[in-house]
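A quick write-up on the structure given underneath.
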Amino acid sequence: MKNNQGAVPVVLTLQQFDANHYGQIHLYSPSLDLKPKDGMSPFEIDFVWMTCGNARRKSKIVLGECKDRPEDAIDQTDIDNLRRVADALPRDRFEAFMLLAKLAPFSDKEIALARTLNGEHHRRVILLTARELEPYHFFERTTKEFSLIKEHGSSPEDLALVTAQIYFTKVE
């Protein structure tokens with residue numbers, strides 16, 4: 001995190017994960033400086049959240065990028081950095097998700113960039129705004145706005161599904 005104020009969405013997101021991922025063994029680390037072995041430029045991600053798997057179940061990793069001000073936009077560099085880390089993890093051991101959190105609504109451009117992180121049949125992007133970060137439960141306010149949402153946000157899969165329902169499904 002480049003400034004102390006930027007810590008607010010990171011702390012809110014980590015608090016939500018702790019409060020809403022019931023009974024799962026997890027660990028996290030905020031503000032990681034990563035140095036790729038491929039010679040590319042070093043970069044920072046705001047946090048990593050991981051639920052521990054076992055011999056039958058993959059560990060789930062959430063890589064997070066957070067913005068605290070409306071004028072701070074998610075950009076192509078943020079998307080590329082998250083994708084590089086997620087794609088570098090061995091798929092036979094980890095299921096990677098990429099989370100973008102912002103204390104303001106996402107712009108159409110940010111939503112379009114985030115959408116590129118998903119595959120055709122693979123949801124792995126999570127978008128959270130103040131609407132999901134401020135109440136105790138992720139979707140406490142969201143379900144009032146989007147009545148079709150039935151998930152509770154107790155897993156990264158739930159969060160990615162609701163993200164797809166809110167941001168990536170065309171309503172006609």
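The values are calculated or read from the model by the stated rules, or taken from the named source; none is laboratory data. Since we're looking at a predicted model, the values are computed, not measured. As a convention, Cβ positions derive from the backbone with ideal geometry for all residues, glycine included, and neighbour counts pool all protein chains shown.
Structure summary
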| item | result |
| --- | --- |
| Residues located in region 78-118, provided they are basic (Lys, Arg) and outside any strand (DSSP E or B) | Arg83, Arg84, Arg91, Arg93, Lys109, Arg115 |
| Test set (1) out of contact with any Gly (no Cβ under 7 Å at 6 or more places or on another chain); (2) at pLDDT 95 or above - Leu99 fails condition number | (1) |
| Close pairs from region 123-148: first over 26 Å from Val48 (Cβ atoms), partner among the basic types (Lys, Arg) and surrounded by 14 or more Cβ atoms within 10 Å (Cβ to Cβ), Cβ under 8 Å, at least 6 apart | Arg141/Arg131; Glu145/Arg131 |
| Subset of region 79-120 [over 20 Å from Ser155 (Cβ atoms) and in contact with a helix residue (DSSP H, G or I) (Cβ under 8 Å, 6 or more places away or on another chain)] | Ile79, Lys102, Leu103, Ala104, Phe106, Ile111, Leu113, Arg115, Thr116 |
| Residues of region 119-165 satisfying the condition of being under 20 Å from Lys102 (Cβ atoms), in contact with a strand residue (DSSP E or B) (Cβ under 9 Å, 6 or more places away or on another chain) and surrounded by fewer than 21 Cβ atoms within 10 Å (Cβ to Cβ) | Arg123, Thr129, Ala130, Leu133, Ala164 |
| Test: residue in region 119-130 that is in a helix (DSSP H, G or I) and on the phi < 0 side of the Ramachandran plot | yes |
| Per-region count, region 143-159, residues out of contact with any Phe, Trp or Tyr (no Cβ under 6 Å at 6 or more places or on another chain), assigned to a helix (DSSP H, G or I) and within 19 Å of Gln15 (Cα to Cα) | 3 |
| Region 143-158: number of residues that are touching a Lys or Arg at 6+ places or on another chain (Cβ under 9 Å) and not polar (S, T, N, Q) | 3 |
| Total residues in region 146-161, condition over 18 Å from Arg57 (Cβ atoms) and at pLDDT below 90 | 8 |
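For (1) under 23 Å from Leu14 (Cβ atoms); (2) of a type outside the set (Lys, Arg), each residue gets a yes or a no:
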{"position": "Pro70", "(1), (2)": "yes, yes"}
{"position": "Ala88", "(1), (2)": "yes, yes"}
{"position": "Leu100", "(1), (2)": "yes, yes"}
{"position": "Pro105", "(1), (2)": "yes, yes"}
{"position": "Arg141", "(1), (2)": "yes, no"}
{"position": "Val162", "(1), (2)": "yes, yes"}
{"position": "Phe168", "(1), (2)": "no, yes"}
